[in-house]
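Read the structure below first, then the notes.
Read the figures in this text as sums done on the coordinates, not as results from a lab. Just so you know, these numbers come straight off a predicted model, no measurement behind them. Cβ: placed from backbone, ideal geometry, glycine included. Neighbour counts: every protein chain shown.
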Amino acid sequence: MTLSRTISNDEDPRTFAEERRLILLLGSTSILFLVCVTPMVILNVTVSESNLNHYPYQVFRALANLLEVINYSITFYIYCLFSEDFRNTLIRTLQWPWVKSKQGSRSLPMKRSPIPRPTTTTTTPPTTTVATPGHLARVSV
């Protein structure tokens, strides 16, 4: 099965490349998850008192546990490999707060979402100064 799509003249080829990268990212993490977690599912289905003492069952259990842990480790590297946004955010997060970028060096770009964020404006209610014996108070109208 191949993934193909026709690109119209008004469509940006970078969008298609980004979609393809996302499909590879999600597909590879999903397949990795299925491959690494399936032995643990088999282990949980076949667990019984009689199996617990057999050496091959113990080896299978150790391998199933190892695969489950490896799944989470490799997923991190897959995200780093396929997602530039993930890499940039990771690098920005791991930079020391006291290290300032040199003027000659290039800082990592911050990608902005094409969807504009909603803006909210707040207005302060008008206030009136009220004089009472002994002190002044501000009151919202």
What are the extents of the Cα atoms of the range 13-99 along their three principal axes, listed from largest to smallest and rounded to whole Å?
56, 39, 14
Order of ILE70, ILE31 - criterion: other Cβ atoms within 10 Å of each residue's Cβ, fewest first
ILE31, ILE70
Over the range 13-99, calculate the relative contact order: mean separation of alpha carbon pairs under 8 Å at least 6 apart, over the residue count, as a percent.
39
